[in-house]
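Each remark here refers to the structure printed beneath this line.
Just so you know, all these numbers are worked out from the coordinates, no wet-lab data involved. These figures come from a predicted structure and were not determined experimentally. Cβ coordinates were reconstructed from backbone atoms using ideal geometry, including for glycine residues, and neighbour counts include every protein chain displayed.
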Amino acid sequence: MKISFPYMGTSHIVVSYLLEKLGHEVVYPPVPSKKTLSLGVQYSPEFACLPFKIVMGTYLEVVEMGAEVLISSGGCGPCRAGYYGELHKRILHDLGYPVDMIIIEPPLVEPLDFIRKVHRLVKPTGYVNLVRVFRVAWAKLQALDDLEETLHKLRPLVIPKKQLNRVYNEGLEAIRRADSVQEVKAARDAALEAMRSLPADHNYEPLRVGLIGEIYVVLEPFANHDIERLLGEMGVYVHRSIFLTNWTRDNALAHGEKDIRAAAVPFLNQMIGGHGQNSVGEVVRYADNNFDGVIQLAPFTCIPEIVAKSIMPAVSRAKGIPVMTLFLDEQTGQAGIETRLEAFLDLLRQKRRKQEAS
């Protein structure tokens, strides 16, 4: 069967490898673009959030390319995202695309349902093959996160920034081609060495900013206007709260990352869906680790992030850390994002100067 999936950050490298090695014909989702978003907006409910619309557009693109089955992750807790797979399927069926949808829910939520869906995916090549393939896929996931984390650290320091981006992209391609754990590690190590060997000003002390919020708009550059690159080229070290590996572990456990949620309890003591409680806890953690500020990325109409945003002023005052929230939808423009970032960074620089002078 021809199978496809949503595009999100670098996850396509791992998901496509996993599905191909399990014996499926993969229809690669194109990188999200203005065309993708336009399609999604046209066929999505007006109240739907930006991730829903981008994924809807991606699905429309891949079904035109011949995809017969779509696979996506589900969700749990009071968040609309748990219903999005079913809603996407109904919209596609209404448009004349009789695709099948496989929604992978956290395994601890409905174990039997999870096993049935995994069996369907594994059936062509068997479970013995799954063990080897999963080991390589997990190694790729970790390697991708290692490269991204290093990229964020080096971006404000490295002088030839375009060359850094080129070396990083070459590393991604090498990891994509790797077909064993050893090859993945070798590709990762070579890429990290190449990135670290570029000329850099290691005496420069950049502003340190934490990036939090809803997973899709945090991980997908098209959704957040490539904010990590923008901040890095403005001389800022960005630490992202969500990476593919920790999200996968969290999703597998259904209610993982208990330490982050415990940090949120003094300000928000209950699960509100999505990454809302995590966002509050992450601000506390960044403040405790002496970061200069935090940027919250949230899709417009995302209830969990709206609730978290309403609590941010209290967290900011109590912990002494500035927090800026960017709500994102199809109307958000690049120029507006850059203007708000520049103003926020000026505030952080003034705060640092006052602290150094006292």
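Quick notes
- For the stretch 264-272, backbone phi angles converted through the Karplus equation (6.51, -1.76, 1.60; θ = phi - 60°) give residue-by-residue couplings of 7, 3, x, 10, 8, 9, 8, 6, 10 Hz, Gly and Pro being listed as x.
- Amide H contacts under 5 Å for Phe300, placed H, 5+ residues apart: Leu50, Leu328, Asp329
- From least to most packed, judged by other beta carbons within 10 angstrom and beginning with the fewest, Met1, Met271, Met195 follow the order Met1, Met271, Met195.
- Each DSSP beta bridge with both residues in the stretch 155-314 is either parallel or antiparallel, and the antiparallel ones are about 10%.
- Two numbers describe the Cα atoms of the stretch 1-108: Rg and Dmax, which are 13.2, 38 Å.
- Normalised by the number of residues in the chain, the average gap of Cα pairs under 8 Å and 6 or more apart makes the relative contact order 16 percent.
- With Cα atoms, 0 to 90° folded angle of helix 127-154 axis to the chain main axis: 20
- At an R0 of 22 angstrom, the distance between the Cβ atoms of Ile306 and Glu46 translates into a FRET efficiency of 0.80.
- Percentage relative contact order, the stretch 116-213, counting C-alpha pairs under 8 Å, at least six apart: 32
- Mean Cβ count within 10 Å, highest first, over the residues of peptides 161-169, 275-283, 144-152: 275-283, 144-152, 161-169
- Antiparallel beta bridges, as assigned by DSSP with both residues in the chain, represent about 5 percent of the total such bridges.
- Between Glu170 and Arg249, the modelled label-to-label distance comes to 3.2 nm, taking each label 7 Å out from Cα in the direction of the beta carbon.
- Sequence-separation-based contact order of the stretch 2-123, relative, with Cα cut under 8 Å and 6+ spacing, percent: 25
- Annotation for the stretch 322-358 versus the stretch 154-229: alpha-carbon center distance of 22 Å.
- Simple spin-label estimate for Ala314 and Glu338 in nanometres, 7 Å along Cα-Cβ: 3.8
- 0 to 90° range, to nearest 10: angle between helix 181-196 axis and the chain longest Cα axis: 30
- Efficiency of FRET between His202 and Lys34 - r from beta-carbon atoms, R0 45 angstrom, step 0.05: 0.70
- Vicinal HN-Hα couplings computed from phi for the stretch 88-100 (Karplus, 6.51 cos²θ - 1.76 cosθ + 1.60; Hz; Gly/Pro x): 4, 4, 5, 5, 4, 5, 5, 8, x, 10, x, 6, 9
- Listed peptides 293-300, 216-223 appear in the order 293-300, 216-223 once ranked by packing, highest mean of other Cβ atoms within 10 Å at the front.
- Nearest 10 degrees, 0 to 90: helix 244-253 Cα axis against the chain principal axis: 60
- For Val109 and Gln331, the FRET efficiency from 1/(1 + (r/R0)^6), where r spans their Cβ atoms and R0 equals 45 Å, is about 0.85.
- In plain terms, the chain from Tyr83 to Lys354 could stretch by 92.8 nm, reckoned as 0.36 nm per residue minus the Cα-Cα distance.
- Label-point separation, Val265 to Ile159 (7 Å along Cα→Cβ), nm: 5.1
- Burial order of peptide ranges 232-243, 4-15 (average beta-carbon count within 10 Å, highest first): 4-15, 232-243
- Amide H contacts of Val27 (H built 1.01 Å from N, under 5 Å, at least 5 apart or other chain): Ile3, Ser4
- Ranking Phe300, Gly336, Ala318 by how far each Cα lies toward the positive end of the dipole of the stretch 286-352 (charges on Cβ) leaves Ala318 at the top.
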